[in-house]
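Below is one structure, written out as structure tokens, with a few remarks after it.
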Amino acid sequence: MPLVGKEAVSAVLWSDAEELCSASWDHSICLWDAETGQQKSTLMGTKVFNCLSYSPLCRRLASGSSDRHIRLWDPRTKDGSLVLLSLTSHTGWVTAVKWAPSHEHQLMSGSLDNVVKLWDTRSCKAPLYDLAAHEDKVFCVDWNESGLMLSGGADNKLYTYKYSPCKMDDGA
């Protein structure tokens with residue numbers, strides 16, 4: 001069952017067993033009914049979307065764009081225009097975002113500026129950490145339940161980073 005967009009689809013993910021999301025170069029994030037293929041809602045941005053991540057813990061979408069911003073969205077909104085938060089620190093296109101699997105307020109991002117950043121959405125003025133190991137563009141990021149983070153990029157390298165949040169991170 002093809003789900004048709006207007007321009008190139010740059011990211012896809014399952015938000016749950018019944019719904020999937022797509023991001024596109026037409027500045028839209030679409031939510032689709034997985035069974036019927038019908039478009040349920042659209043979240044509109046102002047620039048190309050490069051990447052998406054969904055957190056089942058906080059039920060939010062994170063998107064990365066060509067305008068260097070990470071935006072957090074509530075996919076349950078009906079008007080499709082509400083950006084809950086914008087994270088700004090990258091100096092190049094944001095090419096990768098990934099929510100932490102076990103911490104609802106944390107996500108990581110990668111960019112064409114060669115930097116991986118770790119964010120806490122409760123303190124959005126600056127990232128928690130800038131991880132500047134890559135010598136070229138960062139294309140992908142991921143992490144596992146134990147806090148091991150991973151990034152890959154145009155420098156043909158994978159980097160791992162260990163993050164151990166303090167106990168206060170969960171309830172502060």
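The values are calculated or read from the model by the stated rules, or taken from the named source; none is laboratory data. Fair warning: this is a prediction, and the values are worked out from it, not measured in the lab. All Cβ positions, even for glycine, are placed from backbone atoms using ideal geometry, and neighbour counts span all protein chains on display. These area figures cover heavy atoms from the full protein model, side chains too; ligands, DNA and RNA do not enter into them. Shrake-Rupley method; radii C 1.70, N 1.55, O 1.52, S 1.80 Å.
In this structure, the residue pairs whose Cα-Cα separation is over 31 Å, taken from Lys125/Lys162; Lys125/Lys157; Lys47/Lys117; Lys47/Lys125; Lys6/Lys125, are Lys6/Lys125. In this simple spin-label approximation, Val83 and Asp33 carry label points 7 Å from Cα along the Cα→Cβ vector, and these lie 3.1 nm apart. To put it simply, the accessible area of the chain at a 1.4 Å probe is 54 percent carbon and sulfur. Contact order for the chain, expressed relative to its length and based on alpha carbon pairs under 8 Å spaced 6+ residues apart, stands at 12 percent. Mind checking which aspartates and glutamates have their C-alpha under 14 Å from Lys98, skipping anything on the same chain fewer than 8 residues away? Of all the aspartates and glutamates, those that pass the test against Lys98 - Cα under 14 Å, at least 8 places apart if same chain - are Asp120, Asp142, Glu145.
Entry comment: accessible area of the chain is 52 Å² per residue, from protein heavy atoms only and a probe of 1.4 Å. For Thr91, the solvent-accessible surface computed with a 1.4 Å probe is close to 110 Å², ligands and nucleic acids excluded. Exposure check, 1.4 Å probe, all protein chains in place: Met44 carries approximately 100 Å² of accessible surface. Distance between the pseudo-spin-label points of Asp155 and Arg59 (7 Å out from Cα toward the beta carbon): 4.0 nm.
Rounded to the nearest Hz, the phi-derived 3J(HN,Hα) couplings of region 106-117 under the Karplus curve 6.51 cos²θ - 1.76 cosθ + 1.60 (θ = phi - 60°) are 10, 8, 10, 9, x, 8, 5, 7, 6, 10, 9, 10, where x marks glycine and proline. Computed from these coordinates, which is mean projected area of the Cα convex hull in nm²: (1) 9.9; (2) 10.7; (3) 29.6? Derived directly from the coordinates: (1).
The dipole here belongs to the chain: it is taken about the Cα centre, uses +1 on the Cβ of Lys and Arg and -1 on the Cβ of Asp and Glu, and is about 360 debye.
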